[in-house]
1. Would you pull out the residues with amide H under 5 Å of GLY111's amide H, same chain only if 5 or more places away, H placed 1.01 Å from N?
2. Just to check I understand the Karplus step: with θ = phi - 60° and J = 6.51 cos²θ - 1.76 cosθ + 1.60, what whole-Hz values come out for the range 126-141, glycine and proline as x?
3. Can you work out ³J(HN,Hα) from phi for every residue in the range 74-80, in order, using Karplus 6.51 cos²θ - 1.76 cosθ + 1.60 and θ = phi - 60°, giving whole Hz and x for Gly and Pro?
4. What ranking, highest mean first, results for peptides 41-47, 122-128 when packing means the other Cβ atoms within 10 Å averaged over each residue?
5. Going by average Cβ density within 10 Å per residue, which order do the peptides 52-64, 85-97 take, highest to lowest?
6. Which cross-chain or sequence-distant (5 or more) residues have an amide H under 5 Å from the amide H of GLY163, H modelled 1.01 Å from N in plane?
7. Residue by residue through the range 86-95, what is 3J(HN,Hα) from phi via Karplus (6.51 cos²θ - 1.76 cosθ + 1.60, θ = phi - 60°)? Round to whole Hz and write x for glycine and proline.
8. Give me, ordered by chain and number, the residues 5 or more places off ASN28 or on other chains with an amide H under 5 Å from its own placed amide H.
Amino acid sequence: MKLPICGLPAIAAFVSYFLASPHTLAQNAYITNYGDDTVSVIATTTNTVTATVPVGAFPFGVAVTRDGSTVYVGNLGDHTVSVIATATNTVTATVPVGEGRPYGVAVTPDGSTVYVANSSGANTVSVIATATNTVTATILVGITPLGVAVTPDGRTVYVANSGDRTVSVIATATNTVTATISVGASRRSSLTSRSCNVPNTRSTRPFACGLLAQRMSMFSSVSARPNCVTPSPPAASLAFTRKMLCLSL
């Protein structure tokens, strides 16, 4: 299963994914380019850009369904989520998510639902039904939500709130916040279940969510200011080996 990690603009984008075996590799990586409103598609076998997909204004967060068929991109500038069909690398739908800036994006393991963290005053998480590409619920969370992650069983969503240094815990069965966890502050922090990493980040607040097993640097030439990256299709899911989330401080 893949849960993307988002960082500030960097020269090298970082790919993180779970591997079913050391020989399992994603076919493509999807990189959001904040500076020119596009998504670059990199073939991981050759590390070359094979397509550039125009999306909304200031794309940032990105997530892919487990079957690799669809990519979801949060566009900060126009408060939308672009839906990309990986078979054609074209945008098939654009979903408005309100007035907040959609930073973090995560898809449930069954591909039925997308959770989008809306920052910049909205302080909400939009719930998108992928069957209709419509927002079916809006959940009030902490201040300035940025990162979002879904557990492998799809039952729980964790949201990193930068503004009040908390993590909101959402039950997907009811789409309600069941707990709020204070996580303090430090030079860098990232929500993850296995290891933690936010490249080129100097924030003192929780910023990004992701599940990491391995990391690889991508040095392919992409468009201006790459931000977030996710492989498609994601590798097969691994079971949790720990029953807790770690917060790297």
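1. Result for GLY111 returns ARG66.
2. Values per residue, Gly and Pro as x: 8, 10, 10, 7, 6, 5, 10, 6, 10, 7, 9, 7, 10, 10, 6, 10 Hz.
3. x, 9, 5, x, 10, 6, 9
4. 122-128, 41-47
5. 52-64, 85-97
6. Distant-sequence amide H within range of GLY163: ILE143, THR144.
7. 6, 5, 10, 6, 10, 7, 9, 7, 10, 10
8. Residues meeting the amide H criterion: THR44, SER232.
Laboratory data are not the source of any read-out in this text; all were calculated from the coordinates shown. Every value quoted in this text rests on a predicted model; they were computed, and no experiment measured them. Ideal geometry is used to build each Cβ from the backbone, glycine not excepted, and the neighbour counts take in all protein chains shown.
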